[in-house]
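The values are calculated or read from the model by the stated rules, or taken from the named source; none is laboratory data. Not measured: the values here are computed from a predicted model. Here the Cβ positions follow ideal geometry from the backbone for every residue, glycine too, while neighbour counts run over all protein chains shown. The accessibility values were calculated without ligands, DNA or RNA, using every heavy atom of the protein model including side chains. Shrake-Rupley method; radii C 1.70, N 1.55, O 1.52, S 1.80 Å.
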Amino acid sequence: MSNKITDYFVTEGLLSNEQVDELVRIEGETGQGLDHLIVKRGLLSEEDTLQAFGEALHLQFVEQLERESVSDAFVQRVPVQFARNYNLIGIGEADGLYRVATCSPLDLHPLDELALMLDSEVEPVLAPRIAITGLIDKAYKRQSDAIDDALEGVEDEDLVSLTSQIDESEDLLDMANKGPIVKLVNMILFQALKMRASDVHIQPYEDKLQIRYRIDGILYNMESPPKKFQDAILSRIKVMGKMDIAERRLPQDGRTTTRFGNNEVDIRISSVPTSDGERIVMRLLDKGARLYDLDEIGLTGQSAAAFADSILCSHGIIFVTGPTGSGKTTTLYSALKRIDSSETNIITIEDPIEYHLNGISQIQVNAKKGLTFAAGLRSLLRQDPDVMMVGEVRDEETARIAIQSALTGHLVFSTLHTNDAAGAVSRLLDIGIEPYLVASSLVLVMAQRLVRLICPDCQGPYEPSTTDLQRMKLLGIEPDMMPEGKLIRGTGCDNCFNGFMGRTGIYETLPVDEVVRAQIMDREGAATIKKSAVERGHNTLRRDGVEKVKQGITTVDEVLRVTQMDVL
């Protein structure tokens, strides 16, 4: 190791002499680079390490690569396996010189090989591994084969026999040397993940097989493979999920794990028989998806303050409500991330486990073996927990155990399927929980929905039409409430889908104060409780959505779409 580099780390106070000596010793024994050892041993973050190496070696450090574009020449000459194995991607070319992003500043051999492939000089630029991986995925998606190419030459082969090829956790980006049906299914999953789809629907019709992706909560029609390949495609997916390919008359469930670059993706597969053949839905859960902080999920103002205060309580129960796919679990994970510490014992029971949290024990529900939410919750109480998360309260037994846990000194998080926050109170009473238990255990209920965000790259103002003005009136928005009287929308670009990019939450919170407790004891209806809360200044889902329209981050149509049941 160059003394110049080690001296820099010591001189700048980033590492001590003792740490440098130890790292150099381990480097000599194992052959691992100093840069990797510093990050692996937790002495510095990857960003700080790369920045320091950049300054020591006079190399540029780039933290984000989202805006960079990769030339077609680089993609054509450099195999995806090489780019991924060595975490190298070209981010610019001028006068025969390629700028190449790398996260391994001391590994020079791959750069030499890359120079030979490109028949050009290369200039290294330092960037975090995750940024490089993301740009590789984006660049090489253009190489994904079309359906016709994937099925080329399949006519003379036994279609169903082609589906038996399966590799555990295979990389969807590595499509070379795969059979045509395997290649096609991989392409469908690959495209779905690149387009940020949460579900893939394989829907048979009388004359075609329709592929549909759910993107940001909306279903879109995509590829439509020829009907004659239907059985082979469905059989391949069932093989992946370790399902019975001979059983076509009964519903089946399966699961598999695949790799998408450096990320593992958990795929839950469900098949049901229909008159035109089996219909399959695949739920995609990216294990590499990052956890969000509370201030990143759209919680603002009064709702943010109320929720942040409630999760600091020593005991009680907090419910997050909303329909399936409204982001309830993400919100609960954000709360657990906020309160997680070495002094707190946090245990969750979930179905399924969608994110993996460091330092937190997570239990997967397994109804076939008797591990239900209620049974698991009883076991958790013997594990001396401080905080518990129950994926969902579905019945009286689970609700009763959760509430008793909250009353005996535990902080409990869970979810309910209700239209608004006040509806959670009525639901608990309806399933048989006594009012005094609800009133004394409930800390806060928060309802939420997800609205699509206007793409920041192609957004722009426009004059509202007559229809827009009518829809604005439904939300109580006057033109003079908007900047220059104009609305904002996305026009559509390469980085978004139909002018939208990502989603955020809209929220209403119901802190259980003395007024609400009295209403619960009197068995007041949800409408009465909500009306009273609004009169005391609490927000509603629709009002929170209106604020986000005024901020120009979502549209009037989006707020109306997800708040049909909310009239206040």
Closer than 16 Å to L111 by Cα, open to solvent by 50 Å² or more (accessible area, probe 1.4 Å) and either touching a helix residue (DSSP H, G or I) at 6+ places or on another chain (Cβ under 7 Å) or not aliphatic (A, V, I, L, M) (or both), is that true of Q81? yes
Looking only at region 35-62, count how many residues are under 22 Å from L114 (Cβ atoms) and in contact (Cβ under 8 Å) with a residue 40 or more places away in the chain. 11
Would you check if F307 is modelled with pLDDT of 90 or more and touching a Phe, Trp or Tyr at 6+ places or on another chain (Cβ under 9 Å)? yes
Within region 392-407, identify whether any single residue is under 25 Å from R517 (Cβ atoms), of a type in the set (A, V, I, L, M) and surrounded by fewer than 16 Cβ atoms within 10 Å (Cβ to Cβ), and answer yes or no. yes
Quick check: is even one residue across region 371-381 aromatic (F, W, Y) and at pLDDT 95 or above? no
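When you scan region 454-554 for helices (runs of 4 or more DSSP H) that lie fully inside it, which ones turn up with 2 or more residues that are at pLDDT below 90? Before you say what the answer is, go through the steps one by one.
On the way: elements: 466-474, 514-521, 526-535, 541-550.
Here the list reads 466-474.
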May I ask you to say which residue of A56, A73, A83 is farther than 22 Å from L135 by Cβ and assigned to a helix (DSSP H, G or I)? A56
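Please count how many residues of region 224-268 are charged (D, E, K, R) and open to solvent by less than 40 Å² (accessible area, probe 1.4 Å). Spell out the reasoning first.
Of the residues in region 224-268, the ones charged (D, E, K, R) are 227-228, 231, 236, 238, 242, 244, 247-249, 253, 255, 259, 264, 266, 268.
Still in the running and open to solvent by less than 40 Å² (accessible area, probe 1.4 Å): 236, 238, 247, 266.
Of the residues in region 224-268, 4 are charged (D, E, K, R) and open to solvent by less than 40 Å² (accessible area, probe 1.4 Å).
Taking the condition among the charged types (D, E, K, R), at pLDDT 95 or above and either surrounded by fewer than 14 Cβ atoms within 10 Å (Cβ to Cβ) or over 18 Å from S414 (Cα atoms) (or both), does R283 pass?
Numbers: among the charged types (D, E, K, R): yes; at pLDDT 95 or above: no; either surrounded by fewer than 14 Cβ atoms within 10 Å (Cβ to Cβ) or over 18 Å from S414 (Cα atoms) (or both): yes.
When the stated conditions are applied, R283 does not pass them.
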For residues that are more than 28 Å from the chain's Cα centre (by Cα) and among the basic types (K, R), scanning just region 440-479, find the one that is most open to solvent (accessible area, probe 1.4 Å). K473
Members of region 84-108 that are in contact (Cβ under 8 Å) with a residue 40 or more places away in the chain, over 27 Å from the mean Cα position of the chain (by Cα) and buried (at least 19 other Cβ atoms within 10 Å of the Cβ): S104, P105
What number of residues within region 314-335 satisfy the criterion of being modelled with pLDDT of 90 or more and open to solvent by 50 Å² or more (accessible area, probe 1.4 Å)? 3
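So is G485 surrounded by fewer than 19 Cβ atoms within 10 Å (Cβ to Cβ) and either without any contact (Cβ under 8 Å) to a residue 24 or more places away in the chain or of a type outside the set (G, A, S) (or both) or not?
Working: surrounded by fewer than 19 Cβ atoms within 10 Å (Cβ to Cβ): yes; either without any contact (Cβ under 8 Å) to a residue 24 or more places away in the chain or of a type outside the set (G, A, S) (or both): yes.
Yes: the conditions hold for G485.
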If a residue has to be outside any loop (DSSP other than H, G, I, E, B), in contact with an Asp or Glu (Cβ under 6 Å, 6 or more places away or on another chain) and among the acidic types (D, E) to count, how many in region 174-233 make the cut? 0
Contact list please: Cβ distance under 6 Å, first residue in region 263-284 and more than 21 Å from Y220 (Cβ to Cβ), second residue of a type in the set (G, A, S), pairs at least six apart or on different chains. N263/G288; E278/S271
Flag for E558 being part of a loop (DSSP other than H, G, I, E, B) and either among the acidic types (D, E) or open to solvent by less than 10 Å² (accessible area, probe 1.4 Å) (or both): no
Restricting to region 109-121, count the residues that are more than 35 Å from the chain's Cα centre (by Cα), of a type outside the set (S, T, N, Q) and at negative phi. 8
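With respect to L357, determine if the residue is open to solvent by 40 Å² or more (accessible area, probe 1.4 Å) and at pLDDT below 95. Before the answer, list the steps.
On the way: open to solvent by 40 Å² or more (accessible area, probe 1.4 Å): no; at pLDDT below 95: yes.
Spelling it out, it is not the case that L357 is open to solvent by 40 Å² or more (accessible area, probe 1.4 Å) and at pLDDT below 95.
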